[in-house]
Amino acid sequence: MRHLIGVVALCCGLQVSIGAQDGFVPPSGMSPDDIIAAKLWHIAIATHTRIGFEATDHVKLGKLRDVAPFSVSTLDDALNTALDDRYEWGKAGDIIIVRPVGARLDPKNPFNRPIRNVQVQNAWSNGVLIGVRDFIYTNKFAVDERPNGTVPAVSLQLQSGTVIDLLNALMTAADQTMWVGAYRPIGQSERFPNWDLTLDLRNAEHLTGYTGSHPMKTR
């Protein structure tokens, strides 16, 4: 199936048609969050904008998939059209951040956890992603030095920020299009009952880094 991403300059702004051909039928098995992730992915590519997406449930979308076509005149319109009432979006510099409503003010949200003095030199992107995962559980950040992932020689610095800021820095340093993360305590997700945290990086076509985990069960 061919993708349709058209861009036409208009006096009122930029008209963007994003999605598949007419008569599109959504692939079976895609959850609401999968569909939103796919829309955001298309928007990121069409508008040359990096996007971070904190989903309410784990996204099972390994490669770019078609979505029902929709037309928008601006990036703001595209985002407002793509999201449902569970989500809100904002900007962190040139990066668009999509999060559940109220998540940025939740002190218990692991993506809001502060982190300081991060320095990464010539690491694999997935090694850094695993370091972010481990930080969420242990409050200690260390890059996994094994050759993981498809993006080598990633270097970044973060003096002070949050897990969101570190994911943004990693996405930019690795020249990726989008990151997706979700935290669902064990037992609350029917799709991945054994995992409560997933993090991934995406380029314009597919995943380039992924990690998922859960805390050790207590006896």
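Please treat every number below as a calculation from the coordinates, not as lab data. Here the structure is a predicted model, which is why all the values come from computation and not from measurement. Glycine gets a Cβ as well: all are built from the backbone with ideal geometry, and neighbour counts include every protein chain shown.
One table, with the values for the structure above:
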read-out	value
Isotropically averaged projected area of region 109-213, using the convex hull of Cα atoms (one quarter of hull area), nm²	6.3
√(5λ) per eigenvalue of the Cα gyration tensor, region 85-146, largest first, Å	25, 15, 10
Sequence ranges 123-133, 107-117, 162-172, ranked by mean other-Cβ count within 10 angstrom, highest first	123-133, 162-172, 107-117
Set of aspartates and glutamates near Lys39 by C-alpha distance (under 17 Å), chain-local residues within fewer than 8 positions excluded	Asp22, Glu54, Asp57, Asp66, Asp76, Asp77, Asp84, Asp85, Glu88, Asp200, Glu205
